1. Quick check on the stretch 39-52. Is at least one of its residues among the β-branched types (Val, Ile, Thr), farther than 27 Å from ARG92 by Cα and in contact (Cβ under 8 Å) with a residue 24 or more places away in the chain?
2. Residue check, ARG69 against (1) without any contact (Cβ under 8 Å) to a residue 40 or more places away in the chain; (2) closer than 24 Å to ALA125 by Cβ, all met but one. Which one?
3. With the checklist (1) open to solvent by less than 70 Å² (accessible area, probe 1.4 Å); (2) without any contact (Cβ under 8 Å) to a residue 40 or more places away in the chain in hand, flag the one item GLU87 doesn't pass.
4. In the stretch 66-122, what residues are of a type in the set (S, T, N, Q) and under 14 Å from ASN54 (Cβ atoms)?
5. Just checking, which of ARG58, ARG22, ARG37 is modelled with pLDDT of 95 or more, surrounded by 17 or more Cβ atoms within 10 Å (Cβ to Cβ) and of a type in the set (D, E, K, R)?
6. Can you tell me which residues in the stretch 115-130 are out of contact with any Lys or Arg (no Cβ under 7 Å at 6 or more places or on another chain), open to solvent by less than 90 Å² (accessible area, probe 1.4 Å) and within 19 Å of TRP78 (Cβ to Cβ)?
7. Would you call SER105 within 14 Å of the chain's Cα centre (by Cα) and either loosely packed, with under 14 Cβ neighbours inside 10 Å or touching a residue at least 12 places away in the same chain (Cβ under 8 Å) (or both)?
8. Please go through the stretch 103-120 and give me each residue that is part of a strand (DSSP E or B) and either hydrophobic (A, V, I, L, M, F, W, C) or under 25 Å from GLU32 (Cα atoms) (or both), ordered by number.
Amino acid sequence: EFNRVRDCPLGGDITIDGQLTREEHGNVTEIEGKGIRTENDCVMERRGETLTINGRARWESHHRFVNGRPEGLQTTQWSGNSTFEREDGRERTCRVEITITRNPSSGRRTLEGTICGHEVDRDGAWEPPQ
């Protein structure tokens, strides 16, 4: 079990609580994770505007390593609700459903899902840890 707290760029923090289960079979290691991510007055700038986020999401992850190197798709899923407050006071609470997939073979990372009913589909380079 673990608890991690990370500061947000302009104030507040993100807390991640969870547990990891690690199984080893010779040179193969499988890690399954699950827990809760909580945004606590997390302030950041997006598109030139200050945004404060409060939310709670469940997460699950799967990672597989062979000889210490990632193999196969490495996945993390987030599902929960967040409240987004803009600096002008406008506020919106909505559902967040995101899947992040890291592919060590292609060196790519994708982020797909929905945030407040808006489709999110991002793809970028990803370098597996050494």
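The values are calculated or read from the model by the stated rules, or taken from the named source; none is laboratory data. Quick caveat: nothing in here was measured; it's all calculated off a predicted structure. Glycine gets a Cβ as well: all are built from the backbone with ideal geometry, and neighbour counts include every protein chain shown. Note: accessible area is taken over every heavy atom of the protein model, side chains too, but ligands, DNA and RNA are not part of it. Shrake-Rupley method; radii C 1.70, N 1.55, O 1.52, S 1.80 Å.
1. no
2. The failed condition is (1).
3. (1) is the only condition that GLU87 fails.
4. Result: ASN81, SER82, THR83, THR93.
5. ARG37
6. ILE115, GLY117, VAL120 - these are the residues of the stretch 115-130 that are out of contact with any Lys or Arg (no Cβ under 7 Å at 6 or more places or on another chain), open to solvent by less than 90 Å² (accessible area, probe 1.4 Å) and within 19 Å of TRP78 (Cβ to Cβ).
7. Against the criterion (within 14 Å of the chain's Cα centre (by Cα) and either loosely packed, with under 14 Cβ neighbours inside 10 Å or touching a residue at least 12 places away in the same chain (Cβ under 8 Å) (or both)), SER105 does not qualify.
8. Listed by number, the residues that qualify are ASN103, ARG108, ARG109, THR110, LEU111, GLU112, GLY113, THR114, ILE115, VAL120.
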